[in-house]
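Visitor: Below: one structure in structure tokens.
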Amino acid sequence: MVGTKNNVERTGDRDLDFSATMRKPKGIRACDFDVVPICPMCNLPILLWEVKRQNKGPLWAYRHSTYVRNMARILGVPAYFVYHQPELKRFDLTSYKGEDLPTFSPHTFSLREEVFIAWIEKQQAKHVCRKTNSQSDETN
Ligand SMILES: [Zn+2]
């Protein structure tokens with residue numbers, strides 16, 4: 001089983017048919033957001049990131065994080081590019097703080113899996129919660 005008791009990944013695969021369909025409308029772009037940590041109180045992301053198992057440099061990562069950076073700015077949460085190296089259980093995070101080219105100067109740090117998990121929990125503690133009564137009982 002992949003996931004948690006509340007969210008089980010049943011197939012182990014993305015729905016690639018839907019993904020392919022979403023690439024067909026002309027004049028529209030599509031984005032599959034990667035799994036992000038969600039605040040259990042307000043049901044909003046505490047951060048957004050683009051996660052890839054390859055990294056072709058800071059500019060490449062920046063360009064592959066455009067949707068995430070834009071959405072994070074609207075939500076008022078941090079944005080990251082994560083270079084995931086599962087064979088090493090290592091996560092290289094590049095922080096984006098609303099920087100635009102050409103002033104872009106990324107900050108990258110590496111975490112092994114258990115430190116990465118603790119780091120995410122710290123981000124929840126720093127999250128500015130926007131819980132409203134209408135959000136309190138919703139689950140997905
Ligand atoms: Zn919250």
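The values are calculated or read from the model by the stated rules, or taken from the named source; none is laboratory data. Given the structure is predicted, the values throughout are model-derived calculations rather than measurements. Positions of Cβ are generated from backbone atoms using ideal geometry, with glycine treated the same way; all protein chains shown enter the neighbour counts.
Visitor: From the list Ala72, Ala79, which one is touching a helix residue (DSSP H, G or I) at 6+ places or on another chain (Cβ under 7 Å), closer than 30 Å to Lys131 by Cα, free of Cβ contacts under 8 Å to residues at least 40 places away in the same chain and of a type outside the set (Lys, Arg)?
Guide: Ala79
Visitor: Can you tell me how many residues in the stretch 105-123 are of a type outside the set (Ser, Thr, Tyr), modelled with pLDDT under 95 and either within 16 Å of the ligand (Cβ to nearest atom) or surrounded by 13 or more Cβ atoms within 10 Å (Cβ to Cβ) (or both)?
Guide: Final tally of qualifying residues: 1.
Visitor: Taking Trp49 as meeting all but one of (1) among the aromatic types (Phe, Trp, Tyr); (2) farther than 20 Å from Pro106 by Cβ; (3) at pLDDT 95 or above, write down the number of the exception.
Guide: (2)
Visitor: Here is a further query. Can you tell me which of Pro40, Pro102 is modelled with pLDDT of 90 or more, part of a loop (DSSP other than H, G, I, E, B) and of a type outside the set (Asp, Glu)?
Guide: Criteria check complete, one pass: Pro40.
Visitor: In the stretch 7-37, which residue that is within 24 Å of Cys129 (Cβ to Cβ) and loosely packed, with under 13 Cβ neighbours inside 10 Å is modelled with the lowest pLDDT?
Guide: Ranking the candidates gives Asn7 first.
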